[in-house]
1. Being assigned to a loop (DSSP other than H, G, I, E, B) and of a type in the set (Ser, Thr, Tyr) narrows it down to one residue among A:272, A:257; which is it?
2. Select the strands (runs of 3 or more DSSP E) contained entirely in region B:41-145, then report the ones holding at least 1 residues which are away from every other protein chain (no Cβ under 14 Å) and polar (S, T, N, Q).
3. So, of the residues in region B:87-122 that are modelled with pLDDT under 95 and farther than 19 Å from residue A:342 by Cβ, which turns out to be surrounded by the fewest Cβ atoms within 10 Å (Cβ to Cβ)?
4. Quick check on residue B:369: is it in a helix (DSSP H, G or I), more than 11 Å from chain A (Cβ to nearest Cβ), among the aliphatic types (A, V, I, L, M) and over 27 Å from residue B:297 (Cα atoms)?
5. Within the group B:290, B:294, B:286, which residue is in a loop (DSSP other than H, G, I, E, B) and open to solvent by 30 Å² or more (accessible area, probe 1.4 Å)?
6. Quick one: which residue in A:219, A:206, A:247 is of a type in the set (Gly, Ala, Ser), farther than 30 Å from residue A:383 by Cα and open to solvent by 10 Å² or more (accessible area, probe 1.4 Å)?
7. With respect to residue A:153, determine if the residue is part of a loop (DSSP other than H, G, I, E, B), in contact with a Leu (Cβ under 9 Å, 6 or more places away or on another chain), more than 14 Å from every other protein chain (Cβ to nearest Cβ) and not aliphatic (A, V, I, L, M).
8. Quick check: anything in region A:139-148 more than 26 Å from residue B:316 (Cβ to Cβ) and either of a type in the set (Ser, Thr, Tyr) or modelled with pLDDT under 90 (or both)?
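The values are calculated or read from the model by the stated rules, or taken from the named source; none is laboratory data. Please read these numbers as outputs of a predicted model, since none were measured by experiment. For neighbour counting, all protein chains shown are included, and Cβ atoms are generated from backbone atoms with ideal geometry for every residue, glycine included. Just so you know, the surface numbers come from the protein's heavy atoms only, side chains and all, with ligands and any DNA or RNA stripped out. Shrake-Rupley method; radii C 1.70, N 1.55, O 1.52, S 1.80 Å.
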Number of protein chains: 2
Amino acid sequence: MAKPAAKGGITVVRGGNATSPLGFVAGAVYAGIKAPGKDKLDLGILASDGPASVAAMFTRNVVRGDAVVMSQLHGRGGIARAIIVNAGVSNVANGPRGWADAQEMCELAAAKVRARTNEILVGSTGVIGKPLPMEKIRAGVPRIVLTQAGGYDFARAIMTTDTRPKTMAVRFDAGGHRYTMGAVAKGVGMIHPDMATMFCFVTTDAEVHGPYLRRAFRAAVNDSLNMISVDGDTSTSDMAVLLANGAAGGPQIGENTPEATAFEAALRHVCTAMAKMLARDGEGAEKLIEVRIEGAMSHAEARAAARTVTASPLVKTAVHGNDPNWGRLLMAVGRSHARIDLRRARVWLGTTMVYSGEPLAFDERAASAHLRKSDVLLRVDLAVGRASATAWGCDLTPEYVHINSDYTT
Amino acid sequence: MAKPAAKGGITVVRGGNATSPLGFVAGAVYAGIKAPGKDKLDLGILASDGPASVAAMFTRNVVRGDAVVMSQLHGRGGIARAIIVNAGVSNVANGPRGWADAQEMCELAAAKVRARTNEILVGSTGVIGKPLPMEKIRAGVPRIVLTQAGGYDFARAIMTTDTRPKTMAVRFDAGGHRYTMGAVAKGVGMIHPDMATMFCFVTTDAEVHGPYLRRAFRAAVNDSLNMISVDGDTSTSDMAVLLANGAAGGPQIGENTPEATAFEAALRHVCTAMAKMLARDGEGAEKLIEVRIEGAMSHAEARAAARTVTASPLVKTAVHGNDPNWGRLLMAVGRSHARIDLRRARVWLGTTMVYSGEPLAFDERAASAHLRKSDVLLRVDLAVGRASATAWGCDLTPEYVHINSDYTT
């Protein structure tokens, strides 16, 4: 796979979203699945005008929703036309009717975009174990108006406890052609992906060779969406999907074509930006925490250490309290079973080094001031090798507890 | 190993503690390691009058305190005379001086009880990465008065964020002899043991064959102290120790002696009671959560599922809010990767069955009423085998976040 290029060739599209690339449309309505509220939307479709190559990754939770299983099945064909998503009810553990409902959602979307049912992916997010209100969905789908301007409404429709819609788009040039890549995602609890993540849908108007598309997406997701944690819990409905419809023209991009470098750089840029957006909006979160692990024996150990630190309640509460209690960082690293040489290891809070083989005298006020920022950096050098990894998380606040103490009642 | 006997032969000693068995003494002082406060104690010694057989288990965290490493070393001799413990500072990640300080603590205790240094175990609990105030410990040890009545003070001295001392003792009869077994423990954050746990010291006046003592203790701890979780974080200083000094007389108890059944039953009873005491006093906790997993394919999968449920922030917050959101139970089970047949699985909140192959209509008020209790039972039948396991945890409250947001500052 090509090495990621510098960010030089990537420009951000202001207000961009999943319908910014050519040939994508979307729309959403309030079908009455979520509790009523001002300006609420809860049912949406994101579609490509023509067939798109698809790459998709799904939750590794053993208990998975019928929508996940059906989308896996449909994704195997390599071609998708649309994704239909509802929020409010997740269609997990609903017995035999769950499968029938997921299928009907695909059929409704297929009729709407004039595609085959197996070219439709479906996502459902919300409470587990409540059946989908199919009469509301049946009534809602015909009311959806699919337009190129509908990307933002689609982003609103897939939200659950998110405080804001999450969208972006970038332009990138490759081989003399200009392409666009857009994305939309939702979080923001039950987040500690084990292979794929919550919902994140990426679109591009580049034409991309299918097998290469899937390899490039997997690599980008593993270093971005799979490196975030809100609460260590893995959802039953997570999925990340990339659609490439070729509407921008240009040659097919593949593993060894000259455009691969720019394509992969754009893909990593978008996936990483979406991952940080999701972590920053973690339930009740006030801060984005970036954890950089260096000097690890292997990439796997670096990843494990970084993810364990972002998932540690004691690290998360210390950051919430602006408490430079760096010992908890070492505790969490140790819990990951990543190898570390305590006699040579180093720890930084922001740019303040607080440990180097032994505790250092450091300016606690400067360290605490860094922790007060909305972007907090925690960095550990394990001093046993050369591998590194970065993970993202958020602080743990009383508000997280409030949000999750009365979700269904 | 003998099968645990019925509880019939075990009687609880009112107000019992680690010095209830014959031949054990303890004492504690306030040395000034913790911040000052009314009636505070922070340095204690628990000792046997004569040499005691020792079994000990330690944290599996890769980052471990010097006290842990030294106690592991000293425990290998199979004989121990005393345990010296301080609270307030944990002596982890202190560079070369940490090891020297742990050694000096053992020397101070050895002089006090007239034993060899390698017959002393040492425990330090509290903030990571602050050096031990050795001048205060040097001044404190001579002031400790060791008496048979000192067990309760010792329990107070090892507390950190615990809201109450944790002690108990039982009497059991075996082979015509009467024995006593006592215990003391402290929690109550950074708790999700991976092999041993926080501090739990068990004493008995039975004489027990060393290798058998260690096997029996490991088995009992694995089903009790290793099955609790407060926040999923594993401490760097956890240890569980069992001392058997033979002061009650009677024959040596071993694997195939008739007394083994009663001894193991008492040991399991004490370890399980201490585990539940620790989980109930989890930081900020208002409820004890017992999770029973049945019908698992293997004991390992049953354990993993039970522990994952007790560690799930989303389950813990739902219990805190009396929210019968049982879908989160299935989510957490699925995250453990334990196999489950969703078409036949069953879920109970207390005695209310809420899922049996599909969601059941159930009395949400009755289920919510159960969740309001101080003892909450969550039960899942995975429907794929015959293995079972029980784990204990506590609810996640805003108070947990408050406690941990300003621990060092």
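1. Answer to the check: A:257.
2. B:43-58, B:79-89
3. Ranking the qualifying residues of region B:87-122, first place goes to B:88.
4. Spelling it out, residue B:369 is indeed in a helix (DSSP H, G or I), more than 11 Å from chain A (Cβ to nearest Cβ), among the aliphatic types (A, V, I, L, M) and over 27 Å from residue B:297 (Cα atoms).
5. Every option except B:286 fails the conditions.
6. It is A:247.
7. It is false that residue A:153 is part of a loop (DSSP other than H, G, I, E, B), in contact with a Leu (Cβ under 9 Å, 6 or more places away or on another chain), more than 14 Å from every other protein chain (Cβ to nearest Cβ) and not aliphatic (A, V, I, L, M).
8. yes
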